[in-house]
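Undergrad: Structure incoming, see below.
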Amino acid sequence: MSRHPNIVILTGAGISAESGVPTFRASDGLWENHRIEDVATPQAFRRNPTLVQTFYDQRRAFLGQVNPNAAHLALARLEAAWKGDFLLVTQNVDDLHDRAGHNQLLHMHGELNSALCTRCGAARPWTGPLLGNPTCPACRQPGGLRPDIVWFGEMPYHMNRIEAALAACDLFVSIGTSGAVYPAAGFVGWARDAEAKTLELNLEPSAGTPMFDEARHGPASVLVPAWVEEVLGSR
Ligand code: NAD
């Protein structure tokens, strides 16, 4: 490893679980009692926009009731102290990493606190409801706003930057993700191609566990701060 190793971290719903945000597959593949096909595809939005807008309006409103936990805070400490390149890629659409404090954070699956205009293509910060055809702040047209969430079948954001960071990374760490959703589930393979060390921190073995050099299993609020202290202590 170089003197200041480059770190890429991928997080999933598991890192927010102890903040009180339910994970995706916690309840038999349902997301908050909804089938993925009913709330997380472009077809679902065309079929029943009211249901989909209501679902994400509720998720967005719920963010006001949760806070970053010890795992989010530890990653923010790591970024602030790290001398090498650091990139945090999250699949999460919540704002808990943002609130913990990061400069190098990419939301590859979009954000609850953003609205995307299907008329003009602009994405803008959005904290209120989207139901009721509000006006786009960019083009001033009503009725075109949708949640700025990457649904199944859509292209994740920031893939060029993520691919470049993985190609140059020395250490790849995956935290709280089931390894079931691609392309994120393939990042460990890209990191291995770059001869990076790979570490999984997850509650239980995931679909991707055999791909990692090392896997530690337990709650993120315990594993992540302990790992961060270890890494910062060994500089
Ligand atoms: P997932 O729900 O498929 O898997 C979560 C993983 O976290 C599981 O492997 C589980 O064992 C692990 N886990 C659960 N509690 C944990 C804990 N306390 N500590 C450590 N690990 C824990 O999540 P995913 O892989 O991120 O894929 C789900 C998709 O659904 C993502 O694309 C995401 O956009 C979306 N989603 C996001 C949120 C959020 O923003 N918080 C919540 C639900 C779903």
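No value in this document is a laboratory result; all are computed from the given coordinates. What you are looking at is a predicted structure, and each value in this text was computed from that prediction instead of being measured. Backbone-built Cβ (ideal geometry, glycine too); neighbour counts: all protein chains shown.
Undergrad: Within 14 Å, Cβ to Cβ, of CYS136, how many net charges do the neighbouring residues add up to if Lys/Arg are +1 and Asp/Glu are -1?
TA: Local charge sum for CYS136: +3.
Undergrad: Something else now. Would you mind working out the magnitude of the charge dipole of the chain relative to its Cα centre, with +1 at each Lys and Arg C-beta and -1 at each Asp and Glu C-beta, to the nearest 20 Debye?
TA: Its charge dipole is roughly 700 debye.
Undergrad: Also: Output wanted: per-residue J couplings in Hz (rounded whole) for the range 180-190, from phi through Karplus 6.51 cos²θ - 1.76 cosθ + 1.60, θ = phi - 60°, x for Gly and Pro.
TA: My calculation for the range 180-190 gives 10, 10, 8, x, 4, 5, x, 4, 4, x, 5 Hz in order.
Undergrad: Hey, another quick one. Based on DSSP H runs of at least 4 residues, each adding -39500 (n - 2.57), what is the mean residue ellipticity at 222 nm of the chain after dividing by all its residues, to the nearest 500 deg cm²/dmol? It would help to have the intermediate numbers written out before the result.
TA: Details: 9 runs with 75 residues, N = 235.
Only helices count here, giving -8500 deg cm²/dmol.
Undergrad: How much length is gained if the chain between ARG47 and ARG124 is pulled fully straight, taking 0.36 nm per residue apart and subtracting their Cα-Cα distance, in nm to one decimal?
TA: Length gained, ARG47 through ARG124: 25.3 nm.
Undergrad: Continuing with the same structure: What is the order of LYS197, LYS83, fewest Cβ neighbours within 10 Å to most?
TA: LYS83, LYS197
Undergrad: Ranking request for peptides 140-147, 63-70, 52-59: highest mean number of other beta-carbon atoms within 10 Å first, then the rest in descending order.
TA: 52-59, 140-147, 63-70
Undergrad: How high is the relative contact order of the range 110-205, in percent, counting Cα pairs under 8 Å that sit 6 or more residues apart?
TA: 22 percent
Undergrad: Output wanted: per-residue J couplings in Hz (rounded whole) for the range 194-208, from phi through Karplus 6.51 cos²θ - 1.76 cosθ + 1.60, θ = phi - 60°, x for Gly and Pro.
TA: Karplus values, whole Hz, x for Gly and Pro: 8, 6, 7, 6, 10, 9, 10, 10, 8, 4, 8, x, 10, 4, x.
Undergrad: Please list the non-local residues whose amide H lies under 5 Å from the amide H of LEU145, H modeled 1.01 Å from N, same-chain partners needing a gap of 5 or more.
TA: The answer is THR118.
Undergrad: So, one more: Fewest first, what order do PHE62, PHE86, PHE152, PHE172 take by the number of other Cβ atoms within 10 Å?
TA: Listing PHE62, PHE86, PHE152, PHE172 from fewest to most nearby Cβ atoms yields PHE152, PHE62, PHE86, PHE172.
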